[in-house]
1. May I ask you to list pairs of residues, at least six apart or on different chains, whose Cβ atoms are under 6 Å apart, with the first in the range 81-109 being over 22 Å from Asp143 (Cβ atoms) and the second being surrounded by 15 or more Cβ atoms within 10 Å (Cβ to Cβ) and of a type in the set (D, E, K, R)?
2. Would it be correct to say that His49 is surrounded by 14 or more Cβ atoms within 10 Å (Cβ to Cβ), more than 19 Å from Thr89 (Cβ to Cβ) and within 14 Å of the chain's Cα centre (by Cα)?
3. Every residue in the range 132-145 that is outside any loop (DSSP other than H, G, I, E, B) and within 21 Å of Ala50 (Cα to Cα), please.
4. Tell me, which strands (runs of 3 or more DSSP E) lie completely within the range 2-75 with 2 or more residues that are free of Cβ contacts under 8 Å to residues at least 12 places away in the same chain?
5. Can you find a residue in the range 55-77 that is within 17 Å of Thr89 (Cβ to Cβ), of a type in the set (D, E, K, R) and modelled with pLDDT under 95?
6. Please go through the range 146-168 and pick out each residue that is part of a helix (DSSP H, G or I) and farther than 18 Å from Gly26 by Cα.
7. Take the conditions within 23 Å of Leu129 (Cβ to Cβ) and β-branched (Val, Ile, Thr) and apply them to Ile41. Does it pass?
8. On the given criteria, is Thr117 touching a Gly at 6+ places or on another chain (Cβ under 8 Å) and surrounded by fewer than 16 Cβ atoms within 10 Å (Cβ to Cβ)?
Amino acid sequence: MPIGAKFLQLGDILITAADNTVSHCGIVAGTTTINAASGKIDRADMVCHATSKGIKTDAAAEWANRPGGVGVFRMRGLNHISSGGKPATKRIAEAATFLASHCHYSPGRAVFKSWLTSSEYGSGAQGRLKKYLAKIASGQPLDIAVYCSEFVVLSYQFAANGDSHAAYFIDLDAKHTLPKDLRTWLLQRARGGSWQVLGNLVP
């Protein structure tokens, strides 16, 4: 089932087709203002993603043209969850935007480190996340080497402020999560009912 770019919402996760040799993913984290019949509205249609050219934000419609198609994943009820008096969708988008200015792409991390251990959310992942958040809290400089799926997972984890009990927390080891691992995690939870696969993205 196709989903049009205009029906996306903040926090949606986009992953290129499973049959691609190397998958890529991004997160809907930005809006554009359009004129609608009811007046001006902000449409969530900008995708933030880590690429070999840096952390980029591109129009979702451009993603629709990627070879093999792009699957759209969304947590059920995310738009009804709030945290700290702010919608969870907005917290996730803000976390992604913050990370975009505090990260750089690392091809070596994607090719080598991601394969070295399990993507389970263990003590190593918890320690790294705690260190990142402590740096932010203390005002220390933060510059994380990431690849695409790591960036997406960290966006959700930062939005939850490291709280693994938050409904939208993605409990994966971001550093060791390839796009295929993230897809598997999302599909498992789609079968469980907490996430959903909306279909392939179309312009």
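The values are calculated or read from the model by the stated rules, or taken from the named source; none is laboratory data. Not measured: the values here are computed from a predicted model. All Cβ positions, glycine included, derive from the backbone under ideal geometry; neighbour counts span all protein chains shown.
1. Ser83/Arg91
2. No, not satisfied.
3. Tyr132, Leu133, Ile136, Ile144, Ala145 - these are the residues of the range 132-145 that are outside any loop (DSSP other than H, G, I, E, B) and within 21 Å of Ala50 (Cα to Cα).
4. Of the strands (runs of 3 or more DSSP E) lying wholly inside the range 2-75, those with at least 2 residues that are free of Cβ contacts under 8 Å to residues at least 12 places away in the same chain span 25-36, 39-51.
5. The answer is no; no qualifying residue exists.
6. none
7. So Ile41 fails the test.
8. Yes, satisfied.
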